Each structure stands twice: as C-alpha cells, then as structure tokens.
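Report on one structure; see the data block that follows.
The values are calculated or read from the model by the stated rules, or taken from the named source; none is laboratory data. Since the model is a prediction, treat every value here as computed from it, not as a measurement. Methodologically, a virtual Cβ is constructed for each residue, glycine included, from the backbone with ideal geometry; neighbour enumeration extends over all protein chains shown.
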Amino acid sequence: MDLGSLKPAEGSTKSRKRIGRGQGSGYGGTSTRGHKGAKSRSGYHRKIGFEGGQMPLYRLLPKFGFKNINRVEYVGINLDTLEKIAEKCNTRDITRDVLIQYKVISKNEKVKVLARGELKSAVNVTVNAISENAKNIIEEKGGVVTLI
C-alpha cells in the first residue's frame with residue numbers, strides 16, 4: 001500500500017449537484033431556482049435582518065444608551081504596578097516611554113494612575129491623569145507627579 005492508492009471509504013463522499021447543465025441533467029431550465037420572483041434572478045441579495053416580511057427584531061426593540069463622542073479613554077495603572085516597574089528597570093522616573101517599553105500600554109493609549117496597592121519607594125511619575133489619592137501617596141513618599 002502507498003499514498004497513491006488511498007481512497008475515501010465507500011459512500012463517504014458525494015459528487016456535487018451540477019445545476020444549469022441542460023434539460024437532460026434534471027437540473028436545467030430554472031436551475032433549481034423555481035419560477036419567477038426575486039430569488040430566481042441573478043444578483044439577488046436579501047437585506048440583512050430581513051425576516052420574511054415580519055417586523056424585524058432590530059425594529060421591535062427600543063433604542064437606548066448614549067455614546068459620548070468627547071469621552072477620553074484611559075488605561076488604569078495602579079501603584080503596585082508602578083512599584084514593580086520601578087524595581088524592574090531600576091529607575092525613579094516612570095514616563096509613558098517606560099510604560100510603552102515594558103508593554104504596559106501601547107503608544108496610542110493614555111495613562112491614569114490609580115491608588116490600589118502600596119508604593120515603597122519614591123518615584124517621579126509623568127502621565128496623562130492621576131487620581132487624587134494616588135497623587136497624595138506618591139508625594140508623601142517623596143515623589144513628583146507631572147501631568148502631560
């Protein structure tokens with residue numbers, strides 16, 4: 001036995017239905033599309049969400065919610081994360097570039113420092129935003145907070 005003699009099991013495969021190949025095939029004429037109507041014509045495309053004329057679900061449900069176009073998204077970074085980064089890179093100054101380098105944020109994201117966790121050493125932080133609690137903790141430890 002070799003790879004050239006391998007075949008699928010008997011009855012496991014079917015040949016596809018060849019439509020539109022003349023009357024003798026049994027699938028000629030209308031090519032299994034029936035007579036007349038939009039579905040029998042080329043280029044037919046049913047609208048997304050169409051439910052056969054019944055009121056579609058997207059029209060039954062009420063509109064809700066609000067999307068503020070002026071919203072600014074921040075990535076929250078806690079004090080314990082700042083402490084780990086300061087230890088890892090042996091520096092007191094933590095900037096956006098350092099956070100990008102250690103893959104904490106991507107280059108398009110804005111940073112907000114939050115107050116969860118403990119800060120053991122003094123660090124100088126340069127970020128987009130900071131919570132009042134986190135700012136107080138950093139300044140108590142002797143660090144400096146600079147907002148971009």
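Key figures
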{"read-out": "Residues satisfying the stated conditions in the range 34-70, i.e. closer than 30 Å to residue 113 by Cα and either surrounded by 10 or more Cβ atoms within 10 Å (Cβ to Cβ) or of a type in the set (A, V, I, L, M) (or both)", "value": "69"}
{"read-out": "Residue check for residue 73: exposed (fewer than 12 other Cβ atoms within 10 Å of the Cβ), under 27 Å from the mean Cα position of the chain (by Cα) and among the acidic types (Asp, Glu)", "value": "yes"}
{"read-out": "Matching entry among 19, 85 (being in a helix (DSSP H, G or I) and either over 30 Å from residue 113 (Cβ atoms) or aliphatic (A, V, I, L, M) (or both))", "value": "85"}
{"read-out": "Residue within the range 5-15 that is surrounded by fewer than 10 Cβ atoms within 10 Å (Cβ to Cβ), in contact (Cβ under 8 Å) with a residue 12 or more places away in the chain, part of a loop (DSSP other than H, G, I, E, B) and acidic (Asp, Glu) present", "value": "no"}
{"read-out": "Index of the failed condition, residue 24 passing every other in (1) in a loop (DSSP other than H, G, I, E, B); (2) surrounded by fewer than 10 Cβ atoms within 10 Å (Cβ to Cβ)", "value": "(1)"}
{"read-out": "Single residue of 91, 126 found to be surrounded by 14 or more Cβ atoms within 10 Å (Cβ to Cβ), touching a helix residue (DSSP H, G or I) at 6+ places or on another chain (Cβ under 9 Å) and of a type in the set (S, T, N, Q)", "value": "126"}
{"read-out": "Selection count where residues are assigned to a strand (DSSP E or B) and free of Cβ contacts under 8 Å to residues at least 40 places away in the same chain, scope the range 52-76", "value": "2"}
{"read-out": "All positions within the range 12-33 that are more than 18 Å from residue 44 (Cβ to Cβ), among the basic types (Lys, Arg) and within 41 Å of the chain's Cα centre (by Cα)", "value": "14, 16, 17, 18"}
{"read-out": "Test: residue 17 is on the phi > 0 side of the Ramachandran plot and of a type outside the set (Gly, Ala, Ser)", "value": "no"}
{"read-out": "From the options 139, 83, residue that is surrounded by 13 or more Cβ atoms within 10 Å (Cβ to Cβ) and more than 29 Å from the chain's Cα centre (by Cα)", "value": "83"}
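This table checks each residue for (1) of a type in the set (S, T, N, Q); (2) touching a Cys at 6+ places or on another chain (Cβ under 8 Å); (3) at pLDDT 95 or above; (4) closer than 30 Å to residue 20 by Cα.
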position	(1), (2), (3), (4)
42	yes, no, no, yes
45	no, no, no, yes
82	no, no, no, no
87	no, no, no, no
107	no, no, no, no
118	no, no, no, no
